[in-house]
Amino acid sequence: MSVPRSLPAELVASPTWNGQAPAWFGPTLRSLQEALQLPQNWNSYGARPVDPDLAVTALKLLIKSAPSDAPQPIVVPTMQGGILLEWHMQGIDLEVETLGVERFHVFYADEREGREWEGDLTVGDEAPIVEFLTTLSRRAA
Amino acid sequence: MLDGQTLDDPSIPDDAELWRRIPPWHFYFDGKLGRIRPSKAAFEDDGDGSPMSVILAAEAGQPERALEGHEGYALAVITAGLARSCGQQIVRDPTAEEPAHAVVIGLKTDSIKRRFAREARWAVLPPDP
């Protein structure tokens, strides 16, 4: 019996932000859904299929942390079945990788401000990600 | 060093080009750098825990051959010198399918993977979308 490889309905049903889903939501959802269809060894080097729980973790993090005008992330599946969200624009590099269903590794580098931050965060402790995404959104506006 | 043992093959010069296949999910346009580049996620050890696979360009054929059977892939290049400067060792590991196969042995921290991704060049560019 195959395991369903899709996102939960409550996440697929677009949450609303003042009645309108942000521009990043739809494309990001589609990318995550496509990533979930990748088979074993999808990269030719033995990569695992994406873990649906980690895809959910990534999407929940965005719903909770990303401003409505946040730029769309690049969705990157990882060798171990995780999800890496990346933004590279406006002098900023931001990478958020799922390490588990409640843990992330975050890298942030802001060339203009000369600021760099790297570390692990857990669910409930997303304040730095909110700050980084807010800065990115403001600059990209 | 691996368990105190030097494995690095000195017959592979620092300027040797190492090819790495990059699947479509692992390259994108970097708006900060203004060019298409691989993600750091493309420079991991293999899924079974084996060291990262590469092909020694000088001992391989045309780069396009390395992508046969891998539609949509690109081929990135890093140098042996770059890998060594990141604490990696390069060891020949010929296989029946790829006599020029080698492995890059060593701990790949995020900063090392990021450096590979940013300093990589293309032997075969990503196909047009």
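The values are calculated or read from the model by the stated rules, or taken from the named source; none is laboratory data. Because the structure is predicted, anything quoted here is derived from the model rather than measured. Neighbour counts run over all protein chains shown; Cβ positions are idealised from the backbone, glycine included. All accessible areas refer to the heavy atoms of the entire protein, side chains included, with ligands and DNA or RNA removed. Shrake-Rupley method; radii C 1.70, N 1.55, O 1.52, S 1.80 Å.
One line per residue, one yes/no per condition, for (1) under 20 Å from B:Tyr28 (Cα atoms); (2) β-branched (Val, Ile, Thr):
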position: A:Asp93; (1), (2): yes, no
position: A:Glu97; (1), (2): yes, no
position: A:His105; (1), (2): no, no
position: A:Glu113; (1), (2): no, no
position: A:Glu116; (1), (2): no, no
position: A:Glu131; (1), (2): no, no
position: A:Thr134; (1), (2): no, yes
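Of the strands (runs of 3 or more DSSP E) entirely within segment A:31-111, those holding at least 1 residues that are open to solvent by 10 Å² or more (accessible area, probe 1.4 Å), touching a Phe, Trp or Tyr at 6+ places or on another chain (Cβ under 7 Å) and of a type in the set (Asp, Glu) occupy A:92-100.
Among residues of segment A:106-135 that are within 14 Å of chain B (Cβ to nearest Cβ) and closer than 23 Å to B:Ile112 by Cβ, those with a beta-carbon under 6 Å from a residue that is assigned to a loop (DSSP other than H, G, I, E, B) and open to solvent by less than 20 Å² (accessible area, probe 1.4 Å) at least six positions away or on a different chain give the pairs A:Glu111/A:Gly91.
Condition check: open to solvent by 30 Å² or more (accessible area, probe 1.4 Å), within 13 Å of chain B (Cβ to nearest Cβ) and either in contact with a helix residue (DSSP H, G or I) (Cβ under 9 Å, 6 or more places away or on another chain) or not β-branched (Val, Ile, Thr) (or both). Does A:Gln20 satisfy that? So A:Gln20 does not fit the description; no. Among the residues of segment B:2-56, those that are more than 9 Å from chain A (Cβ to nearest Cβ), open to solvent by less than 50 Å² (accessible area, probe 1.4 Å), β-branched (Val, Ile, Thr) and not in a loop (DSSP other than H, G, I, E, B) comprise B:Val54, B:Ile55. Beta carbons closer than 9 Å, at least 6 apart along the sequence or on distinct chains, pair a first residue in segment B:46-74 that is under 21 Å from B:Tyr28 (Cβ atoms) with a second that is open to solvent by 40 Å² or more (accessible area, probe 1.4 Å) and of a type in the set (A, V, I, L, M) for B:Ala74/B:Ile36; B:Ala74/B:Leu125. For segment B:95-125, filtered to residues that are within 17 Å of B:Gln62 (Cα to Cα) and part of a loop (DSSP other than H, G, I, E, B), the residue that is most open to solvent (accessible area, probe 1.4 Å) is B:Glu97. Take B:Gly87 and tell me if it is touching a residue at least 24 places away in the same chain (Cβ under 8 Å), in a loop (DSSP other than H, G, I, E, B), over 24 Å from B:Phe27 (Cα atoms) and open to solvent by 20 Å² or more (accessible area, probe 1.4 Å). Here the answer is yes, as B:Gly87 does meet what is asked. The lone criterion from (1) farther than 25 Å from A:Ile92 by Cβ; (2) part of a loop (DSSP other than H, G, I, E, B); (3) under 16 Å from the mean Cα position of the chain (by Cα) left unmet by B:Val77 is number (2). The sole residue among B:Asp48, B:Asp14 that is touching a Lys or Arg at 6+ places or on another chain (Cβ under 9 Å) and not β-branched (Val, Ile, Thr) is B:Asp14. In segment A:28-40, the residues that are farther than 14 Å from A:Gly82 by Cα form Cβ pairs under 9 Å with partners that are open to solvent by 30 Å² or more (accessible area, probe 1.4 Å), at six or more places apart or across chains, as follows: A:Thr28/A:Gln72; A:Leu29/A:Val12; A:Leu29/A:Ser14. Would you call A:Glu118 open to solvent by 20 Å² or more (accessible area, probe 1.4 Å) and either assigned to a strand (DSSP E or B) or on the phi > 0 side of the Ramachandran plot (or both)? Here the answer is yes, as A:Glu118 does meet what is asked.
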